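Everything below concerns the one structure shown next.
None of the figures in this text is laboratory data; all of them are computed from the coordinates on show. Since the model is a prediction, treat every value here as computed from it, not as a measurement. Quick reminder, even Gly has a Cβ in these numbers, built from the backbone with ideal geometry, and neighbours come from all protein chains shown.
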Ligand code: NI
């Protein structure tokens, strides 16, 4: 396993639409292992492959709390089959937009279909944090960041904040 570099805004790769995976292979699993290690090291709770520069439809997540044992989840070619009309608002952040947080409104529940680590098809409802996180990560597969749900003013503020921090790090 290896830690990969996480791309940050305004890297144009983050705007790419990710391609479907034909079949879950050992190569796919090696990528997922790297992504999980990268996410844990960041630390974060969700990561899409495009964020490490690989625009394919793969996501890893772990929503376990600090006092719980790790619960890695893997999603290949995830789809949302239906959503609730009811919405919830949650303060989101993103490893590609470090140190910026803002509220995004999304459907409260989403029915998912995806392939897991073994390549088996799973269908299940996500709700609460699971629903928030998977919808955020699936946005990445379409080249959409959580800041794209905000006003232009807030989005520009967030991007400039990341750019400035990067410049400071480089100096
Ligand atoms: Ni994100």
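For the reader, a short list of remarks on this structure follows.
- Looking at the chain, the DSSP beta bridges with both ends there are about 95 percent antiparallel.
- R0 of 25 Å, Cβ-Cβ distance residue 27-residue 63: FRET efficiency to nearest 0.05: 0.45
- The stretch 75-132: C-alpha gyration tensor shape, a/c 1.5 cut-off, then a/b vs b/c: oblate
- Per-residue extension of 0.36 nm, minus the Cα-Cα distance of residue 129 and residue 152, leaves a gain of 5.7 nm for this segment.
- The stretch 84-110-the stretch 1-55 distance, computed between alpha-carbon centres (Å): 20
- Selected from 48, 30, 158 as most flexible by GNM, with the chain as the system and alpha-carbon contacts under 10 Å: 30
- Only helical runs count toward this figure. For the chain, summing -39,500 (n - 2.57) over DSSP H runs of n ≥ 4 and dividing by all residues gives -9500 deg cm²/dmol at 222 nm.
- In nm, spacing of pseudo-spin labels at residue 171 and residue 7 (7 Å Cα→C-beta vector): 2.7
- Taking all pairs of distinct alpha-carbon atoms in the chain, Kirkwood radius in angstrom: 16.4
- For the stretch 97-168, radius of gyration divided by Kirkwood radius, i.e. Rg to Rh on alpha-carbons: 1.08
- Backbone N within the stretch 103-134 under 19 Å of label point (7 Å from residue 71 Cα along the Cβ vector): 108-118, 122-134
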